[in-house]
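Visitor: Would you mind keeping the following structure in view while I ask a few things?
The values are calculated or read from the model by the stated rules, or taken from the named source; none is laboratory data. It should be emphasised that the depicted structure is a prediction, and the values quoted were computed from it without experimental measurement. Here the Cβ positions follow ideal geometry from the backbone for every residue, glycine too, while neighbour counts run over all protein chains shown. Surface areas here come from the heavy atoms of the whole protein model, side chains and all, with no ligands, DNA or RNA. Shrake-Rupley method; radii C 1.70, N 1.55, O 1.52, S 1.80 Å.
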Number of protein chains: 4
Amino acid sequence: MGANTFGHHFQIHTFGESHGPALGCVIEGCPSNLQFDLDLLSTQLQRRRPGHHGLQTGEVVSQRNESDIPELISGVFEGRTLGTPIAILVRNQDARSEDYREIQTQARAGHADDVWKMKFGHSDHRGGGRSSGRETVARVMGGAVALMILKKLAPELRIVGFTSQIGTLKLTEEEKSQFLKNSTTSLHPQDQYFARFPSQRDQEVRDLLKTTQASGESYGAVAQIRVTGMPKGLGQPVFHKLKSDLASAMMSVGAVSAVQLGEGHAESQKGTDFHANGNSSQYGGIRGGISTGDDLILQVTLKPTSSILDVAKKGRHDPCIVTRAIPVLEAMTAMVLADHMLLQRMDHI
Amino acid sequence: MGANTFGHHFQIHTFGESHGPALGCVIEGCPSNLQFDLDLLSTQLQRRRPGHHGLQTGEVVSQRNESDIPELISGVFEGRTLGTPIAILVRNQDARSEDYREIQTQARAGHADDVWKMKFGHSDHRGGGRSSGRETVARVMGGAVALMILKKLAPELRIVGFTSQIGTLKLTEEEKSQFLKNSTTSLHPQDQYFARFPSQRDQEVRDLLKTTQASGESYGAVAQIRVTGMPKGLGQPVFHKLKSDLASAMMSVGAVSAVQLGEGHAESQKGTDFHANGNSSQYGGIRGGISTGDDLILQVTLKPTSSILDVAKKGRHDPCIVTRAIPVLEAMTAMVLADHMLLQRMDHI
Amino acid sequence: MGANTFGHHFQIHTFGESHGPALGCVIEGCPSNLQFDLDLLSTQLQRRRPGHHGLQTGEVVSQRNESDIPELISGVFEGRTLGTPIAILVRNQDARSEDYREIQTQARAGHADDVWKMKFGHSDHRGGGRSSGRETVARVMGGAVALMILKKLAPELRIVGFTSQIGTLKLTEEEKSQFLKNSTTSLHPQDQYFARFPSQRDQEVRDLLKTTQASGESYGAVAQIRVTGMPKGLGQPVFHKLKSDLASAMMSVGAVSAVQLGEGHAESQKGTDFHANGNSSQYGGIRGGISTGDDLILQVTLKPTSSILDVAKKGRHDPCIVTRAIPVLEAMTAMVLADHMLLQRMDHI
Amino acid sequence: MGANTFGHHFQIHTFGESHGPALGCVIEGCPSNLQFDLDLLSTQLQRRRPGHHGLQTGEVVSQRNESDIPELISGVFEGRTLGTPIAILVRNQDARSEDYREIQTQARAGHADDVWKMKFGHSDHRGGGRSSGRETVARVMGGAVALMILKKLAPELRIVGFTSQIGTLKLTEEEKSQFLKNSTTSLHPQDQYFARFPSQRDQEVRDLLKTTQASGESYGAVAQIRVTGMPKGLGQPVFHKLKSDLASAMMSVGAVSAVQLGEGHAESQKGTDFHANGNSSQYGGIRGGISTGDDLILQVTLKPTSSILDVAKKGRHDPCIVTRAIPVLEAMTAMVLADHMLLQRMDHI
């Protein structure tokens, strides 16, 4: 399978460099006759853009301003999928390559510039080229189509990603419970909170990020992905365990440095506590690699933005990538789940 | 790609149920002309067996006693690989199915018995069937062949997995440094320690596990996988990032519930600390999805054995799976690295 | 996908050298709960053996005598499939390697010995190693499992391969019509005829082959594969056209040098004749890469056995491989069809 | 592997409907640092267009007029490949959908309209949608990139496809020898002949096709693909035999109904004749699935255009598709060879 392909049956092939003409994806394995929800696609792309969910562009986020309007090239006719590949493009418009000119001679610390150069002998130095975070646009598009499938095949299913930690600032158990309890109807309840940190301590979060940015600093974070309305029986034996595919999906996102299935502390808890009845959140909704029908819970650690080390960007870097990463992590989750929903059709004779 | 297949070019296809005639694997994509090191294969299988590294069988580990002698079916001739699939079998000999008879009607808590039954409609209840830990024998065999490749292509490369935490008992930074410093020549330096916990506190570890077992309890753990002599440039763009493939590999092992790349605390550290010069252990040897040549560091969390909940096994269950998991995690690491070593041949024209 | 793997979702991974311990396959993607028909498996293996269908072993066929008893290693429990990989072995028993000793220094003309040696640097010279016709045992096993799936999902479907030409001796249109008309109930109607050439001219065929063998000569042949009871809608767009997968399947068999879809002469007929109403046999049951429900018709050309050039085998070579090839071609067809029957489940949302 | 993906390591993913906004492909697995030859890409696209090689558009070919200018989206920077996916688009400009309006209710005989409709429930009726011959634009683009690889890795290699039969009009052995002898330096020597039929009987061919078209008739044909300067050792064991991949490649092209490896008549010749010394053209350059270094020879049968049955197109249909098919068949050949050239890097340790 190609290095830019994700998925078993439902697959995306992504392409595009940060400062090339466009980014895009080709989606294979999407069944025919699916209502294609262009609004959903646009909404997801907007949710990934800087400046969304009440933030001002350039306030505490990357300043590149792309409208990210999707251009649908193939696979959809009269509003429904054809069973053929769905190709979608997003043009790069605000690519200010001149900012990156100096990188040609000097690799940015913490970035992949030097390792790519070493690996491929030739690289597109402009804005990270293919290793730019802008690559995630294509993932969000694939995720949006996956959501269309899930909406049809598992209408109860809902994927909500939220920030549970920024630096040393942690969401309390109470804040989390409150959020999860109150968020059952809204589609993107986390988007009402600054930095998608679902707490009444909005101002505290805002201050933290502003100060961090102003001082040329950055912070890592933890995002939690929570899926309710999970179907049972997703996942396959041994290597295609649902948790294995999800771990691969999360870790394929640039800034991610750790993935945990479930809550709790598996490494230090006693077995009788960890496995105590009803403690389904410990298992994170997966046993033996297969979904149990309980909520799927993933905890994803993001490392601090490395652009702080990048003299050119200092002052207009993103002090914490988590806010923008969440729609990407949700998209990856959606693709894994849609893929396994389809694969499940093969389980029985 | 099949659900029981792992790898891009260097692939293993595994098969076998815990209480069927045999377990095995077919290895595809191994180049021809490789010296096939049968001793290495046997040693790795032995390292995975209960009772290895100074432990008495049945002391604090699973009591099933399998000799795990590999039978080489194909792909090797006159001591060298043919470039054709390498099939290897290990017979199941000590499969006491009667112990599992009661599970037919009653699924074991914490195990996958119920979800498999629900998923497939039909399942082999004996000892977990395909979802048994015994399945990992095939991974160790694949890993052994991967090691043969690595020995040839990256002679400096050495994969060492060790226990860094059992329950609340943690290896200190000093113990770890000491171990890493002193272990540069020996092939399996961790095997000299009880539970592969490289500390002088052997007796403490032994006592902890014995008490835990006697009281019908179990503990989770953290294993650290450390690869020295890493080649630069391994890993592919976007979805086949080295960290993504490694996360998938680790999480495909039954007991694993979390994977972290590198040391440190990416979520809570300041960016300037995390990215501080020379702090290569934070990155875990990978940047932009590609190996930097620094040591590869993975931290793998294992949940507490669930067999404590299994009345039939109580008293002869494994109080902590980490000791036996380590050769499996090392094998998965070896396969990912060998695969990417070969794929690297495609990087340049 | 591995070079020894065939299929998209329903896959076989095959392994084994002609003079190694065993040949075998691992079948992935077979749904659970399928009745496993061990008799069908044995029957198909027997149908491939020399000496079957009324011929005396050693009369006009290869003299190696293998019993080809399948050993079922995994994937089946209590007579039904588990949804896990099905591994099956067949031991090599009558491997008289000494006959091949001279080949070590002298490659056999027309065989692959020299090109393999050149390609891999190292090869198993004994009986062709992996490139021996004996490799097809694994295909027949995969085909047998595919037939079990087809029996369940498309009970009307029947695959019949027969010889339509040996050298210049052709089955007449009348003989063919007669055979197809009379063969609708019997499972392997072609097996009642010498060399699977369904004609009353049995004696003529027998004489031809005996004379050919005695004179150290061999002949090519044409096999026709005919599938009745075909489901509609099998095949996928563009690259996974049903005809493309079938062509790949047929051409992967050693002796095959040409594949034609349908009857008639597409290259020389006028379009209005070729496309004339009802002439479905011209299309061979596939249009636009997708099955129409009409009979699937494949014509497969086999080249003359090259063992005539092999001094060591002269006199006991197979004068025409078609008789033994037919069960292999049927097996390949069965696998393609079973694969697409399962993939069809993904067509619609 | 996706149904719109071709290749093992060097892969193309194609997309696009005949009357959608564009057609395109994403090429994965192309090594970095390859000189990207935009002229070669354009030339190949032009060679596939109607009206090329001295024919007037609309003379004896399809009248849709597309300029087929490639838009390079990604994977190339400063004239060299990056090792990242190469995405290329070609816009549909002259899509006169109104001509196809009637098909909505009435499927075109001989076309795939009805089977697609049946398969997917929903289809794009305009001009065949995805099953239109226009889909082959993407193949030609993939083939052009494959040619760039081959030019670098096997500079002597040259792929020449020519027409060897149209209806009952056959190229003589003498004409063929003459052509092959005289064509060793020119890049596309066949393009100097009407209908790529390399004979002095140009006028005869032209007359045949004009009469055929005028009478609302069509003809099938045979194209021969000949590769000189073939590297040795291409192809893989068992299922990825070079001939198997080539057969799949050829048969994936809509109009192809048969594929033969080599010249001669394997089915009717005596073995001693077929295998006679030096008769390498019989083997077609492949033995045991692996290239021998001799010329690769494929004979590809194309069925008569079915558009004659299509009232809407009568009079401006293509009387024989072979001329336009040749660049497509060459492209498929190039992709198979480039893929195996790269895979060969994995053969030895």
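Visitor: Can you work out which of the residues in region C:20-49 that are among the small types (Gly, Ala, Ser) and out of contact with any Lys or Arg (no Cβ under 9 Å at 6 or more places or on another chain) is least open to solvent (accessible area, probe 1.4 Å)?
Guide: Per the stated criteria, the residue is C:24.
Visitor: Regarding region D:176-183, can at least one residue be identified that is within 24 Å of residue C:288 (Cα to Cα), at pLDDT below 95 and surrounded by fewer than 22 Cβ atoms within 10 Å (Cβ to Cβ)?
Guide: no
Visitor: I'd like to verify a number: residues in region D:66-76 that are open to solvent by 20 Å² or more (accessible area, probe 1.4 Å) and at pLDDT 95 or above, how many?
Guide: Matching residues across region D:66-76 total 4.
Visitor: Return a yes/no flag: does region D:77-90 have any residue that is surrounded by fewer than 21 Cβ atoms within 10 Å (Cβ to Cβ), acidic (Asp, Glu) and at pLDDT 80 or above.
Guide: Scanning region D:77-90 turns up at least one residue that is surrounded by fewer than 21 Cβ atoms within 10 Å (Cβ to Cβ), acidic (Asp, Glu) and at pLDDT 80 or above.
Visitor: Just to check your reading of the model, which residue among C:187, C:157 is in contact (Cβ under 8 Å) with a residue 60 or more places away in the chain, closer than 26 Å to residue C:43 by Cβ and of a type in the set (A, V, I, L, M)?
Guide: C:157
Visitor: Going by the conditions given, is residue D:186 part of a loop (DSSP other than H, G, I, E, B), open to solvent by less than 10 Å² (accessible area, probe 1.4 Å) and away from chain C (no Cβ under 14 Å)?
Guide: No: the conditions fail for residue D:186.
Visitor: A further question on this structure: Can you tell me which residues in region A:181-211 are of a type in the set (A, V, I, L, M) and closer than 16 Å to residue A:222 by Cβ?
Guide: If the condition is that a residue be of a type in the set (A, V, I, L, M) and closer than 16 Å to residue A:222 by Cβ, then A:195, A:205, A:208, A:209 are the ones that fit.
Visitor: Next question, about the same structure. Take the residues of region C:228-269 that are of a type in the set (A, V, I, L, M, F, W, C) and in a helix (DSSP H, G or I): which is nearest to the chain's Cα centre (by Cα)?
Guide: C:250
Visitor: Under 7 Å by Cβ, and 6 or more places apart or on different chains, what pairs join a residue from region A:110-127 that is closer than 19 Å to residue B:340 by Cα with one that is open to solvent by 30 Å² or more (accessible area, probe 1.4 Å) and among the aliphatic types (A, V, I, L, M)?
Guide: A:114/A:107; A:117/A:107
Visitor: Suppose we filter region C:20-65 for residues that are assigned to a loop (DSSP other than H, G, I, E, B) and either modelled with pLDDT of 95 or more or at the interface with chain B (Cβ under 9 Å from one of its Cβ atoms) (or both); how many remain?
Guide: Result for region C:20-65: 9.
Visitor: I'd like to verify a number: residues in region A:138-160 that are in contact with a helix residue (DSSP H, G or I) (Cβ under 7 Å, 6 or more places away or on another chain) and either in a helix (DSSP H, G or I) or under 30 Å from residue A:20 (Cα atoms) (or both), how many?
Guide: Count: 12.
Visitor: Across region B:91-106, what is the number of residues that are at pLDDT below 85, open to solvent by less than 50 Å² (accessible area, probe 1.4 Å) and not charged (D, E, K, R)?
Guide: 4
Visitor: Output the residues belonging to region B:8-19 that are open to solvent by 10 Å² or more (accessible area, probe 1.4 Å) and within 14 Å of chain A (Cβ to nearest Cβ).
Guide: Answer for region B:8-19, where residues must be open to solvent by 10 Å² or more (accessible area, probe 1.4 Å) and within 14 Å of chain A (Cβ to nearest Cβ): B:8, B:9.
Visitor: List the number of the failed condition for residue B:123; all other conditions in (1) surrounded by fewer than 21 Cβ atoms within 10 Å (Cβ to Cβ); (2) farther than 25 Å from residue B:261 by Cα hold.
Guide: Tallying (1) surrounded by fewer than 21 Cβ atoms within 10 Å (Cβ to Cβ); (2) farther than 25 Å from residue B:261 by Cα, residue B:123 fails exactly one: (1).
Visitor: Would you please name the residue that is most open to solvent (accessible area, probe 1.4 Å), looking only at residues in region B:257-294 that are in contact (Cβ under 8 Å) with a residue 60 or more places away in the chain and in contact with a helix residue (DSSP H, G or I) (Cβ under 7 Å, 6 or more places away or on another chain)?
Guide: In this case the residue turns out to be B:294.
Visitor: Moving on to the next point. Considering only residues of region B:200-226 that are more than 7 Å from chain A (Cβ to nearest Cβ) and under 20 Å from residue A:259 (Cα atoms), which is most open to solvent (accessible area, probe 1.4 Å)?
Guide: It comes out as B:226.
Visitor: Could you count how many residues in region A:107-137 are assigned to a loop (DSSP other than H, G, I, E, B) and within 12 Å of chain B (Cβ to nearest Cβ)?
Guide: Summing the residues that are assigned to a loop (DSSP other than H, G, I, E, B) and within 12 Å of chain B (Cβ to nearest Cβ) in region A:107-137 gives 11.
Visitor: While we're on this one: Looking at region D:67-88, I want the residues that are of a type in the set (A, V, I, L, M) and have a partner that is open to solvent by 10 Å² or more (accessible area, probe 1.4 Å) with Cβ atoms under 6 Å, at least 6 apart or on another chain. Which pairs are those?
Guide: Final answer for the pair search is D:73/A:21; D:76/D:36; D:82/A:124; D:88/D:70; D:88/D:72.
Visitor: Sticking with this structure for a sec: Condition test on residue D:181, is it among the basic types (Lys, Arg) and more than 30 Å from residue D:4 (Cβ to Cβ)?
Guide: The answer is yes for residue D:181.
Visitor: Here's another thing I want to ask about it. The conditions are (1) over 22 Å from the mean Cα position of the chain (by Cα); (2) closer than 26 Å to residue B:332 by Cα; (3) among the polar types (S, T, N, Q), and residue B:215 fails exactly one of them. Which is it?
Guide: Result: residue B:215 fails condition (2) only.
Visitor: I need the full set of residues from region A:231-252 which are more than 7 Å from chain B (Cβ to nearest Cβ) and surrounded by fewer than 24 Cβ atoms within 10 Å (Cβ to Cβ), in order please.
Guide: A:231
Visitor: Further, regarding this structure: Going by what's in this entry, would residue C:328 be described as at pLDDT 90 or above, over 30 Å from residue A:341 (Cβ atoms) and either open to solvent by less than 10 Å² (accessible area, probe 1.4 Å) or within 18 Å of the chain's Cα centre (by Cα) (or both)?
Guide: So residue C:328 passes the test.
Visitor: Right, another one. Here is a list of conditions, (1) more than 21 Å from residue B:300 (Cα to Cα); (2) modelled with pLDDT of 95 or more; (3) aliphatic (A, V, I, L, M), and residue B:247 meets all of them except one; can you say which number that is?
Guide: The number of the failed condition is (1).
Visitor: Another question, if that's okay. Within region C:295-305, how many residues are open to solvent by 30 Å² or more (accessible area, probe 1.4 Å) and more than 7 Å from every other protein chain (Cβ to nearest Cβ)?
Guide: Result for region C:295-305: 2.
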